[in-house]
Amino acid sequence: MKTYYAFFMLFAVALIGCSKSDGPTNGDVGIVGFDVGYSLLLSKQGALASSLLNANLETITVNPNDGPFENIPTPQHTYRDGSEMSFYTKNLNCSGEFTRFDFDTDTSVSFPVFTDIGNCGLSVIGIAHSQNFFFLAYELPQDGKEDQFFIRIVDATDPEENSNFIDILLDKRPLQLVSSKNRLFILVVDEAVTGKYSIIVFDTGTKGLVHEKNLGIDVQKIVKDHNGDIMVNYPQLHSVISSNTLAIISETRYLDGKETKFGNSPVGYFNGNRLYYPMETDIATIYPHIPAVYDFGTKTAILYLYENFLTLEERQFEFGIGDTTMVFYDAKNNLILIGYRKKADPNLGGLLRIKPAPDSKFIDNTDLDGVPQAVFFR
């Protein structure tokens, strides 16, 4: 009983700090909404596929037409930046395939990687992209020696040219890549000596490593925020580092029991200074992840418990919600989109649309033949 009460208070406090709206509200007289199209990426039968949806403020329908996104095998790694998303898939011949798709222009680039190495022990750790380069962090085993770590930078002007890349050897294990402002930010950990984390910066202009900043211990992940700066996530706090100077711009510590858990979420979507993401939780709900919105301006989180806007029959029987897989914001209609996996069949999912706080309200549900992973406007 105490646990539920504490969680409810966190939700209530968040509402007080987040009453401002970024778009039209359903309660405004005369607001009829805007026609929008969604491109929805689905995990489906061992592949990543797309589904097109047409919607406005009140209704949503599945577009029967095939979208321009071609199905690809379930990727080992993905990276999203605005309307673009990159994917890495390992091939049977021990090489790999790198794909970048732009959902604004419906254009894609796809090319093989690591055909020059031919080592089946090679393991890709993470990927990223910019307009001019593609980035891959990988580990290469060495016979009788310690494994080596590299960052491969591929020139986007002609990525299929075998000589159109460089490999950067690192002395620490790379964990994650983030591209921002003509720089690549590499989260690394010193496994051999200190166990501490740091950010290494690669400048795409000079094509060299230019900075390294110590981050301490317990780093969970790094994220590019809405200003292009780098947010570093820890269990008890997050700090924002300037992508230009690496100086700490801000630091926010959480009260016990009110951690944002950014670092535990594999996906997130920025709209302005708000982050929409599935939040890991084990309190006051049966769902492993619930939809959450964090406002960096007011430093408050809004947690959307399914129990607060869906009936028991809707949650368990009509929609069969098992877990939250993605959260997105439709700014044109001021609606939150929640992707979820079905409990009875984890290969199926659905998409809920709700009106955000402070007047949170269920709008509609769409059953899908796959599990939602990401949404783009089209």
Subject >> 3 or more residues under 19 Å from the mean Cα position of the chain (by Cα) and crowded, with 18+ Cβ neighbours inside 10 Å: qualifying strands (runs of 3 or more DSSP E) within segment 99-198 >> reply: 123-129, 133-142, 173-180, 183-189
Subject >> Selection count where residues are touching a residue at least 60 places away in the same chain (Cβ under 8 Å) and either closer than 23 Å to Tyr294 by Cα or touching a Cys at 6+ places or on another chain (Cβ under 8 Å) (or both), scope segment 340-353 >> reply: 2
Original post:
Only one residue in Ser39, Ser86 is within 22 Å of Tyr269 (Cα to Cα), touching a His at 6+ places or on another chain (Cβ under 6 Å) and buried (at least 20 other Cβ atoms within 10 Å of the Cβ). Which one?
Top reply: Ser86
Original post:
When Arg315 is evaluated against the numbered criteria (1) in a loop (DSSP other than H, G, I, E, B); (2) open to solvent by less than 40 Å² (accessible area, probe 1.4 Å); (3) charged (D, E, K, R), which criterion, by number, is the only one it fails?
Top reply: (1)
Subject >> Lone qualifier among Met326, Met279 - being under 27 Å from Gly349 (Cβ atoms), in contact with a His (Cβ under 7 Å, 6 or more places away or on another chain) and crowded, with 18+ Cβ neighbours inside 10 Å >> reply: Met279
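Scan segment 229-245 residue by residue and report those that are open to solvent by less than 10 Å² (accessible area, probe 1.4 Å) and assigned to a loop (DSSP other than H, G, I, E, B). Reasoning before the result, please.
At the first step, the residues of segment 229-245 found to be open to solvent by less than 10 Å² (accessible area, probe 1.4 Å) are 230-233, 238-239, 241, 243.
Ser243, the sole residue that qualifies.
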Original post:
Can you tell me which residues in segment 289-312 are closer than 25 Å to Arg253 by Cα and buried (at least 21 other Cβ atoms within 10 Å of the Cβ)?
Top reply: His289, Ile290, Pro291, Ala292, Val293, Tyr294, Ala301, Ile302, Leu303, Tyr304
Original post:
Can you tell which of Val210, Val201 is of a type in the set (Val, Ile, Thr), assigned to a strand (DSSP E or B), at negative phi and in contact with a His (Cβ under 8 Å, 6 or more places away or on another chain)?
Top reply: Val201
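Take the residues in segment 337-374 that are among the aliphatic types (A, V, I, L, M), closer than 19 Å to Asn54 by Cβ and surrounded by fewer than 22 Cβ atoms within 10 Å (Cβ to Cβ); name whichever of them is nearest to the chain's Cα centre (by Cα).
Of segment 337-374, the ones among the aliphatic types (A, V, I, L, M) are 337-338, 344, 348, 351-352, 354, 357, 363, 368, 371, 374.
Imposing the further condition that a residue be closer than 19 Å to Asn54 by Cβ reduces the set to 337-338, 351-352, 354, 363, 368, 374.
Now narrow it down to the ones that are surrounded by fewer than 22 Cβ atoms within 10 Å (Cβ to Cβ): 354, 363, 368, 374.
Details: Ile354: 20, Ile363: 24, Leu368: 21, Ala374: 8 Å.
Selected residue: Ala374.
Okay, residues lined up against (1) assigned to a loop (DSSP other than H, G, I, E, B); (2) farther than 15 Å from Leu337 by Cα; (3) open to solvent by 40 Å² or more (accessible area, probe 1.4 Å); (4) at pLDDT 90 or above:
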| position | (1), (2), (3), (4) |
| --- | --- |
| Ile16 | no, yes, yes, no |
| Gly23 | yes, no, no, no |
| Gly27 | yes, yes, yes, no |
| Ser50 | no, yes, no, yes |
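Take the residues in segment 265-294 that are β-branched (Val, Ile, Thr), more than 9 Å from the chain's Cα centre (by Cα) and farther than 12 Å from Asp323 by Cβ; name whichever of them is modelled with the highest pLDDT. I'd like the intermediate steps shown before the answer.
First, pick out the residues of segment 265-294 that are β-branched (Val, Ile, Thr): 267, 281, 283, 285-286, 290, 293.
Checking which are more than 9 Å from the chain's Cα centre (by Cα) leaves us with 281, 283, 285-286, 290, 293.
From the residues that got through so far, the ones that are farther than 12 Å from Asp323 by Cβ too are 283, 293.
Working: Ile283: 77, Val293: 97.
Looking at residues that are β-branched (Val, Ile, Thr), more than 9 Å from the chain's Cα centre (by Cα) and farther than 12 Å from Asp323 by Cβ, I get Val293.
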**OP:** Hey, can you tell me all the residues within segment 297-335 that are touching a residue at least 40 places away in the same chain (Cβ under 8 Å) and of a type in the set (Gly, Ala, Ser)?
**Re:** Ala301, Ala331
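Filtering segment 255-276 down to residues that are in contact (Cβ under 8 Å) with a residue 60 or more places away in the chain and closer than 23 Å to Asn365 by Cβ, which residue is least open to solvent (accessible area, probe 1.4 Å)? Before the answer, list the steps.
First pass over segment 255-276, keeping only residues in contact (Cβ under 8 Å) with a residue 60 or more places away in the chain: 257-258, 267, 269, 271-272, 274, 276.
Those still in the list that are closer than 23 Å to Asn365 by Cβ too: 267, 269, 271, 276.
On the way: Val267: 49, Tyr269: 38, Asn271: 34, Tyr276: 5 Å².
By that ranking, first place goes to Tyr276.
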**OP:** Could you tell me whether Ile286 is open to solvent by less than 20 Å² (accessible area, probe 1.4 Å) and either more than 27 Å from Gly272 (Cβ to Cβ) or among the β-branched types (Val, Ile, Thr) (or both)?
**Re:** no
**OP:** Scan Asp218, Asp256 and give me the residue that is part of a loop (DSSP other than H, G, I, E, B) and modelled with pLDDT under 95.
**Re:** Asp256
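The values are calculated or read from the model by the stated rules, or taken from the named source; none is laboratory data. Every value quoted in this text rests on a predicted model; they were computed, and no experiment measured them. Cβ: placed from backbone, ideal geometry, glycine included. Neighbour counts: every protein chain shown. For the accessible areas, the whole protein counts, side chains as well, though only heavy atoms, and no ligand, DNA or RNA atoms are used. Shrake-Rupley method; radii C 1.70, N 1.55, O 1.52, S 1.80 Å.
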